[in-house]
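Taken together, the values in this text are just the output of simple stated rules run on the coordinates, not laboratory data. Note that the structure is a prediction, hence the values are computed from the model and not measured. Cβ atoms come from the backbone with ideal geometry, glycine included; neighbour counts cover every protein chain shown.
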Amino acid sequence: MRFAALVSLVAASVAIASPAAHLKKRASCPGGQTVDDAQCCIWFDVLDDLQTNLERRSPKPFVFNSMTQLAFSPALTASGQFGGGGSDGSIIEHADVELTFPPNGNLGGIVASERSIALAHNVSFADMIQFAAAAGVANCAGAPRLEFLAGRPFTSQASPPNLVPGPGNTVTRILDRMADAGFSADETVDLLASHSIAAQQGLNAGIAGSPFDSTPDRFDTQFFIETLLKGVLNPGPTTGFAEVLSPLPGEFRMQSDFAIARDPRTSCRWQELADNPQLMRTAFRTAMAKLAALGNDRSSLVDCSSVIPNPADDDTEPTLPGGKVADDIEGSCAATPFPVLPIAPGPTPTIPAVVI
Ligand code: HEM
Ligand SMILES: *[C@@H]1O[C@H](CO)[C@@H](O)[C@H](O)[C@H]1NC(C)=O
């Protein structure tokens, strides 16, 4: 009796002590920074390397690479096939396979950079992708400071094809795919906040760098507003793959963004984000944390978020671009009218291409 009681007492104290010990191990790094865990120090060195890269090129492709992690299908796994590992770094480790999948076509350069930085610092490819996305997002004014957890495994399996959503897919196909990966319709819209800091290269190569909103360097709600404007022109001399009419010269509109903005399953969330920068930030942060943990056990990872730089503030107001009026908005949320927004002064702007 006495012995059994002692054993259970010891077991209980072990159970309490070990997670507590795992949780907080504040440490000072060689550079003088304080972190929650000594394992985080290496990421300051990775950040230095990455910033050198980011000075040369836009941070956007580093963020775009997160999307390849949507190659995660519990449904396929349940059917007895390998359904993809999620946020496992497989786009880097198995670049020979995954870069041949059409939606990943333009990622060769970014995958090569991430690979060499990860190898130089002996961090996993999977962690590298999450870190580069968080650091890339932090380069844009108005962005949330994303969570960054470290400690994902070093090895992965190549993902199967046809799991990453494409710009020519129907809304139903995209939402089904996202639901399989664990994302609701609202969370799908939340992730598309990324297209507020984005441009296309491969859909219409003749106008490479044409952005998806008028402010591709700012994480603001203009993307959600401008995608709802009536399409009136082709920004290039030819029409690209999955390209639909755009509201502004120089701006690119992809078919899937156009359709998700107007679909009854997603249009109210879209409209909600259109004039709520604070909600756009928090919702994107939450959805990105979920994407970064896909296929991983969060409790096995270490929180190194304090390494991510603080993004600059953006206090510009959601506006209709110059030359547009409220009637140009194709309000699609049946429940609520589109909010009244100020109109930017001056004529309709021509949006310059982003230089990568
Ligand atoms: C419905 C799902 C999505 C579709 C169909 C889609 C499609 C695309 C396409 C076709 C491009 C242009 C690529 C090029 O031509 O270079 C693009 C760009 C981009 N996407 Fe998405 N995307 C989706 C979701 C996401 C998600 C979840 C993220 C990140 C979390 C993301 C981040 C980006 C970024 C940052 C760019 C700009 C890349 C650059 O400027 O180089 N997208 N997206
Ligand atoms: C790289 O990191 C892994 C995992 O932390 C470790 O097992 C390995 O010994 C390290 N390799 C070198 C060369 O430091």
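Before moving on, here are some points about what is shown:
- Residue count, the stretch 187-208 (criterion: of a type in the set (A, V, I, L, M), over 15 Å from Asn65 (Cβ atoms) and surrounded by fewer than 23 Cβ atoms within 10 Å (Cβ to Cβ)): 4
- Qualifying residue in the stretch 226-237 (condition: among the charged types (D, E, K, R) and within 16 Å of ligand 2 (Cβ to nearest atom)): no
- Subset of the stretch 324-343 [surrounded by 15 or more Cβ atoms within 10 Å (Cβ to Cβ) and assigned to a loop (DSSP other than H, G, I, E, B)]: Lys324, Glu330, Gly331, Ser332, Cys333, Phe338, Pro339, Leu341
- Scanning the stretch 243-254 turns up no residue that is closer than 16 Å to Cys140 by Cβ and not in a strand (DSSP E or B).
- Residue within the stretch 291-310 that is within 16 Å of ligand 2 (Cβ to nearest atom) and aliphatic (A, V, I, L, M) present: yes
- Spans of helices (runs of 4 or more DSSP H) in the stretch 65-152 with at least 2 residues within 16 Å of ligand 2 (Cβ to nearest atom): 90-93, 108-121, 125-138
- Within the span defined as the stretch 70-79, every residue fails to be within 20 Å of Phe154 (Cα to Cα) and surrounded by fewer than 18 Cβ atoms within 10 Å (Cβ to Cβ).
- Single condition Pro247 does not satisfy, out of (1) more than 25 Å from Ala334 (Cα to Cα); (2) touching an Asp or Glu at 6+ places or on another chain (Cβ under 9 Å); (3) surrounded by 21 or more Cβ atoms within 10 Å (Cβ to Cβ): (1)
- Residue match in the stretch 277-295 (condition: free of Cβ contacts under 8 Å to residues at least 40 places away in the same chain, closer than 30 Å to Gln130 by Cβ and more than 19 Å from the chain's Cα centre (by Cα)): no
- Restricting the stretch 215-256 to residues that are under 19 Å from the mean Cα position of the chain (by Cα) and among the charged types (D, E, K, R) leaves a set whose member that is farthest from Pro311 (Cα to Cα) is Arg253.
- Subset of the stretch 171-211 (residues that are more than 8 Å from ligand 1 (Cβ to nearest atom), under 15 Å from Ala353 (Cα atoms) and among the β-branched types (Val, Ile, Thr)): Ile207
- Subset of the stretch 112-128 (residues that are within 16 Å of ligand 1 (Cβ to nearest atom) and either among the small types (Gly, Ala, Ser) or within 14 Å of Leu54 (Cα to Cα) (or both)): Ala112, Ser113, Glu114, Ala126
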